[in-house]
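K.L.:
Quick one: the structure is below, and I'll ask about it shortly.
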Ligand code: NDP
């Protein structure tokens, strides 16, 4: 499995397993299947309400802790220094862990204007050793610029919606300049229309791969991190099997042409504390 080195020198698997919308009662089985199939990074969040099931799957798997890379996130309702510290302790307890590998601010929620204070809590958690790396999610360039001005530690990742219909080129360029990895959420456009695109299907056929594998491979060659979600065992296997082929630069160009600024989620500037 491909690994990347983050800007604080720790390593992180290129591909992880996302568990958004997987109910707590189902998540243990899905995560167990993922771990059996070689996934070592898991992406959960306070908001997903499935950290307990993820923690149980981790415990049952009996994999040395240092081989795993666990990400969780503080939710919009818990911004602010003290609330974030509380949220973190709750997540740790639910996950049954002593530390998490990566802790993220889930959304900037500009109308609350507390993400800088929230990030300071993340910095202190990092300094205490309870998290190995800190980062953000759904941050536009202007949110990142504010952190750069007002805080000390550069986030290691910015986890944002990214797929062939929303390629985030400007943000990718900014992240690259600042040694921040872009991590793609909904990398498969949530299983939607992009998988049916004829151009993707043609590329897939040429490589004897599926449309999903081609799209995930595109992300890898864009130097993004990916966290595809599936509760279907065959797809869980399929989605990790993307490190044995390479798209040509012509194929990468073809996929680039699908960019059309379509989102499955909210624009981060419009997310407020009461909306999902
Ligand atoms: P994905 O793009 O990963 O798509 C998941 C959907 O695609 C599911 O319906 C799944 O179906 C289907 N699918 C998975 N693999 C395949 C395949 N090989 N072929 C066909 N269909 C497939 O969407 P998500 O929104 O779940 O994003 C991934 C992860 O990103 C989340 O789980 C979460 O961890 C994170 N995320 C973070 C957000 C943030 O704000 N930071 C927001 C949203 C997501 P099935 O499960 O039925 O197999």
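K.L.:
Taking segment 219-248 on its own, how many of its residues are more than 6 Å from the ligand (Cβ to nearest atom), part of a loop (DSSP other than H, G, I, E, B) and without any contact (Cβ under 8 Å) to a residue 12 or more places away in the chain? Full working, then the answer.
P.N.:
Of the residues in segment 219-248, the ones more than 6 Å from the ligand (Cβ to nearest atom) are 219-226, 233-234, 236-237, 240-248.
Then drop every residue that is not part of a loop (DSSP other than H, G, I, E, B), which leaves 222-224, 241-248.
Filter once more, keeping what is without any contact (Cβ under 8 Å) to a residue 12 or more places away in the chain: 244, 248.
Count: 2.
K.L.:
Hey, another quick one. Of the conditions (1) at pLDDT 95 or above; (2) crowded, with 18+ Cβ neighbours inside 10 Å; (3) out of contact with any strand residue (DSSP E or B) (no Cβ under 7 Å at 6 or more places or on another chain), residue 232 fails just one. Which one is it?
P.N.:
Result: residue 232 fails condition (2) only.
K.L.:
Okay, next question. Does residue 213 satisfy the criteria of being on the phi < 0 side of the Ramachandran plot, within 15 Å of the ligand (Cβ to nearest atom) and under 18 Å from the mean Cα position of the chain (by Cα)? Give the derivation first.
P.N.:
Working: on the phi < 0 side of the Ramachandran plot: yes; within 15 Å of the ligand (Cβ to nearest atom): yes; under 18 Å from the mean Cα position of the chain (by Cα): yes.
Yes.
K.L.:
Which numbered condition trips up residue 177, out of (1) surrounded by 22 or more Cβ atoms within 10 Å (Cβ to Cβ); (2) more than 11 Å from the ligand (Cβ to nearest atom)?
P.N.:
Residue 177 satisfies all of (1) surrounded by 22 or more Cβ atoms within 10 Å (Cβ to Cβ); (2) more than 11 Å from the ligand (Cβ to nearest atom) except (1).
For (1) buried (at least 17 other Cβ atoms within 10 Å of the Cβ); (2) in a helix (DSSP H, G or I); (3) modelled with pLDDT under 95, each residue gets a yes or a no:
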position	(1), (2), (3)
38	no, no, no
54	yes, yes, no
63	no, no, no
71	yes, no, no
89	no, yes, no
92	yes, yes, no
97	yes, no, no
102	yes, no, no
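K.L.:
Filter segment 55-86 down to the residues that are within 15 Å of the ligand (Cβ to nearest atom) and touching a helix residue (DSSP H, G or I) at 6+ places or on another chain (Cβ under 9 Å) and list them by number.
P.N.:
If the condition is that a residue be within 15 Å of the ligand (Cβ to nearest atom) and touching a helix residue (DSSP H, G or I) at 6+ places or on another chain (Cβ under 9 Å), then 57, 70, 72, 73, 74, 75, 76, 77, 78, 79 are the ones that fit.
K.L.:
Within the bounds of segment 239-256, is there any residue that is in contact with a strand residue (DSSP E or B) (Cβ under 9 Å, 6 or more places away or on another chain), more than 19 Å from residue 159 (Cβ to Cβ) and surrounded by fewer than 19 Cβ atoms within 10 Å (Cβ to Cβ)?
P.N.:
Looking through segment 239-256, at least one residue is in contact with a strand residue (DSSP E or B) (Cβ under 9 Å, 6 or more places away or on another chain), more than 19 Å from residue 159 (Cβ to Cβ) and surrounded by fewer than 19 Cβ atoms within 10 Å (Cβ to Cβ).
K.L.:
Within the bounds of segment 28-36, is there any residue that is in a strand (DSSP E or B), modelled with pLDDT of 95 or more and near the ligand (Cβ under 10 Å from one of its atoms)? It would help to see each step written out before you state the result.
P.N.:
Residues of segment 28-36 in a strand (DSSP E or B): none.
Scanning segment 28-36 turns up no residue that is in a strand (DSSP E or B), modelled with pLDDT of 95 or more and near the ligand (Cβ under 10 Å from one of its atoms).
The values are calculated or read from the model by the stated rules, or taken from the named source; none is laboratory data. Because the structure is a prediction, the values reported are computed rather than measured. As a convention, Cβ positions derive from the backbone with ideal geometry for all residues, glycine included, and neighbour counts pool all protein chains shown.
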